[in-house]
Every structure is written in C-alpha cells, then in structure tokens.
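Structure, as structure tokens:
The values are calculated or read from the model by the stated rules, or taken from the named source; none is laboratory data. What you see is a predicted model, and the numbers here were worked out from it, not measured in a lab. For neighbour counting, all protein chains shown are included, and Cβ atoms are generated from backbone atoms with ideal geometry for every residue, glycine included. Just so you know, the surface numbers come from the protein's heavy atoms only, side chains and all, with ligands and any DNA or RNA stripped out. Shrake-Rupley method; radii C 1.70, N 1.55, O 1.52, S 1.80 Å.
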Amino acid sequence: MRHSTAAAYVEGVISGDRAKLARAITLIESRNADHQKLAQEMLVALLPRTGKSLRIGISGLPGAGKSTFIDAFGTMLTGQGHKVAVLAVDPTSSRTGGSILGDKTRMTRLSVDENAFIRPSPTGGTLGGVARATREAILVCEAGGFDIILVETVGVGQSEITVSEMVDFFLVLMIAGGGDELQGIKKGVLEIADMIAITKADGENVTRAKVTATDYQHAMRIITPMNPLWTPPVVTVSAIENKGLDTLWEKIAHHKKTLTDAGEFETKRRAQQIRWMWSMIDDRLTSRLRTDDRIRTLVAEMERGIADGKVTPALAADSILAAFWSSFGG
C-alpha cells in the first residue's frame with residue numbers, strides 16, 4: 001500500500017474518484033496497526049460528510065438471484081439519479097474465496113455504471129473483522145457521495161443478523177415455489193426482515209411466485225414485527241423483466257418516511273452506533289487475549305485442561321482474564 005496521509009485519502013474520497021475510494025477502503029481493511037490508525041484519522045475527518053445515505057441490507061437463499069436482482073435494482077436507481085454503492089459481508093471467504101467476485105462479473109450493467117461502485121468483502125477475515133470493515137466502508141462511500149448503499153450478506157445465519165444491525169432496511173429475497181421452502185427458512189431471518197421479495201416472478205413462474213408470496217404473507221402474520229410502526233410487506237419481482245422493482249423501491253421509501261416521521265429513523269442509527277462500539281470492544285479484547293505473549297502459556301494450559309476434562313470453560317476463562325488484567329497492573 002502506497003504511503004499517504006489521512007488528508008490525501010480524505011481528498012481522494014471527496015473527489016468522487018472510484019479508484020481512490022477503493023484505496024481508502026483497502027486502508028480500512030488492512031490489519032497493519034499503522035494503517036488502522038491512519039484509517040481512523042481519515043474516518044474522523046470524513047464523519048461530517050456521512051450519514052446521508054439510505055442503507056439497505058440484502059439477503060437471500062442460494063439461487064434467489066441476488067446478483068441479478070442487485071444489478072437490475074441498482075441500475076434502476078442510478079437511472080433515477082442516485083449513486084449506488086454495493087458492499088458485501090462474506091465471513092466464509094477465507095475458505096471459499098467468496099462469491100461476490102463472481103457476482104460482480106454478473107452485474108454487467110452496474111459494474112460499468114459511472115454512478116455505481118461495487119466492492120467485494122475482504123477475504124480471510126472473521127465475521128467481526130469483515131463487519132467492521134463493511135461498516136466503515138459504508139461511511140467512506142457516503143462521504144464519497146453515494147446516497148444508496150446496498151449491503152449484501154453472502155453468508156447465512158449470524159452474518160444476516162450482523163448486516164441487519166448496520167442498515168436502515170433489511171430485504172430478504174426468496175425463491176418462488178410451492179411453499180415447501182417455508183419449512184427450510186429460519187424464523188430468525190423472517191423476524192429481522194423489513195420486506196420479503198419473491199424473485200424470478202416471470203414467464204411460467206408468475207403464478208407460482210404469487211402463491212409463494214401469499215404463503216409468506218400468512219407466515220409473517222404470526223411473527224412479531226421488529227417495529228410496531230411497520231408490517232413487513234411481501235412483493236414479487238422479476239429482475240430480468242424489471243417488474244415489481246419500482247413497487248419495491250416505493251415501499252422502502254415509505255418505510256423510511258414512516259420511521260422518520262415518528263422520530264425513529266435516527267434513533268435506530270444512534271442505537272446501531274452504540275452497539276457497534278461494544279462490538280468493537282468485544283473484538284479487540286478477544287484479539288488481544290489471543291495474541292498476548294504474556295498469557296500465551298496459560299491459554300495453552302487452560303485449553304489442554306478443558307480438552308482433558310480437568311478444567312471447566314468458565315474456570316479457564318476466569319483464570320485467563322485474571323492473568324490478562326494483572327499483566328496490566330489491574
């Protein structure tokens with residue numbers, strides 16, 4: 001990474017140059033201590049320019065056509081004058097290389113759109129590390145003038161919860177079918193969804209998509225919504241035929257207006273910021289514990305004790321924490 005100053009990175013981001021924006025995000029993703037310090041200086045300087053975008057999380061089952069949907073949806077938005085950034089949270093990338101790299105090549109229109117920016121998630125990181133980089137990448141993109149940020153979750157389970165904690169609206173894409181997929185989807189995903197979109201509602205699949213939408217509408221009635229002000233709608237869309245995307249966007253905009261009018265839009269963001277702080281504390285404490293040379297021997301001893309059934313995990317944790325704090329004179 002070429003040496004630069006925080007001011008140079010800030011100027012590059014504000015200029016709107018996508019190459020410079022990419023370098024700023026690369027700085028954020030770096031695990032080098034000096035790079036991380038420089039990144040925080042940059043972010044502090046950029047903060048006054050952040051917070052003005054609409055952050056939308058997008059998740060979905062394999063085969064739901066996320067990349068095709070994002071390509072069509074993002075292109076529709078840029079056509080309306082918006083600037084769209086696409087980011088990804090992919091904790092599985094350390095094993096598989098991630099799928100967003102392939103997805104980018106399938107976003108044929110958005111990848112060459114001058115008003116769009118697509119960024120793969122960092123590889124080889126833990127969920128906490130990837131989430132940190134993505135959260136900070138959101139701020140950089142906002143400072144760079146992007147007013148809509150699409151955050152795609154490539155993984156499943158905890159990554160979906162993590163993404164929902166960093167966006168204003170969480171969209172779940174589902175596949176049209178005979179209703180059998182309802183048995184396989186986790187209730188937790190439906191609980192955090194602000195809207196469900198049944199994809200590939202085109203050709204001979206239109207009727208099936210409508211039936212599936214009805215199934216999900218019934219399922220959503222027995223789930224307590226995240227916010228009493230909003231009942232998550234279920235829509236059908238076709239990215240190939242560009243059908244239903246305008247309706248989907250109208251509902252997202254209505255969600256923002258509903259929460260803003262009630263004073264809850266900014267309240268939600270402030271709460272997310274505080275939870276982000278505690279998440280960072282957890283991640284950094286864990287990182288220090290795992291790498292501190294002063295307690296490395298004790299950690300190995302406790303791990304052997306647990307494996308041999310001689311020490312309980314709780315006792316081992318207490319011993320390691322006590323040694324860690326005492327090493328700082330606590």
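A single member of PHE265, PHE328 is among the aromatic types (Phe, Trp, Tyr) and open to solvent by 60 Å² or more (accessible area, probe 1.4 Å), and it is PHE328. Against the numbered list (1) more than 17 Å from VAL163 (Cα to Cα); (2) at pLDDT 95 or above; (3) in contact with a strand residue (DSSP E or B) (Cβ under 9 Å, 6 or more places away or on another chain); (4) open to solvent by less than 10 Å² (accessible area, probe 1.4 Å), THR75 comes up short only at (4). Taking the listed residues LEU259, LEU245, LEU298, the one that is within 29 Å of THR108 (Cβ to Cβ) and open to solvent by less than 70 Å² (accessible area, probe 1.4 Å) is LEU245, with no other qualifying.
So that you can scan it fast, the table gives a plain yes or no per residue for (1) over 17 Å from the mean Cα position of the chain (by Cα); (2) at pLDDT below 90; (3) part of a helix (DSSP H, G or I):
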| residue | (1), (2), (3) |
| --- | --- |
| VAL151 | no, no, no |
| SER159 | no, yes, yes |
| GLY177 | yes, yes, no |
| THR207 | yes, no, yes |
| LYS210 | yes, no, yes |
| THR214 | yes, no, yes |
| ILE222 | yes, yes, no |
| PRO225 | yes, yes, no |
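Being assigned to a helix (DSSP H, G or I), within 30 Å of THR78 (Cα to Cα) and out of contact with any strand residue (DSSP E or B) (no Cβ under 9 Å at 6 or more places or on another chain), is that true of even one residue in the range 295-311? Within the range 295-311, not a single residue is assigned to a helix (DSSP H, G or I), within 30 Å of THR78 (Cα to Cα) and out of contact with any strand residue (DSSP E or B) (no Cβ under 9 Å at 6 or more places or on another chain). You will find that of ALA253, ALA314, the residue that is at pLDDT 95 or above, of a type in the set (Gly, Ala, Ser) and closer than 30 Å to GLY81 by Cα is ALA253 and no other. Determine, yes or no, whether LEU110 is at pLDDT 95 or above and either open to solvent by less than 10 Å² (accessible area, probe 1.4 Å) or not charged (D, E, K, R) (or both). Here the answer is no, as LEU110 does not meet what is asked. Which pairs turn up if I take residues in the range 21-32 that are free of Cβ contacts under 8 Å to residues at least 40 places away in the same chain and open to solvent by less than 10 Å² (accessible area, probe 1.4 Å) and look for partners that are in a loop (DSSP other than H, G, I, E, B) and not aromatic (Phe, Trp, Tyr) with beta carbon separation below 7 Å, at least 6 apart in sequence or on another chain? Once the first residue is free of Cβ contacts under 8 Å to residues at least 40 places away in the same chain and open to solvent by less than 10 Å² (accessible area, probe 1.4 Å) and sits in the range 21-32, its partners that are in a loop (DSSP other than H, G, I, E, B) and not aromatic (Phe, Trp, Tyr) give LEU27/MET1. Scanning the range 311-320 for residues that are in contact with a helix residue (DSSP H, G or I) (Cβ under 8 Å, 6 or more places away or on another chain) and open to solvent by 70 Å² or more (accessible area, probe 1.4 Å) yields THR312, PRO313. Would you check if THR231 is of a type in the set (Val, Ile, Thr), open to solvent by 50 Å² or more (accessible area, probe 1.4 Å) and within 27 Å of the chain's Cα centre (by Cα)? Spelling it out, THR231 is indeed of a type in the set (Val, Ile, Thr), open to solvent by 50 Å² or more (accessible area, probe 1.4 Å) and within 27 Å of the chain's Cα centre (by Cα). Here ILE306 clears all of (1) under 27 Å from ALA33 (Cα atoms); (2) modelled with pLDDT of 95 or more except the condition numbered (1).
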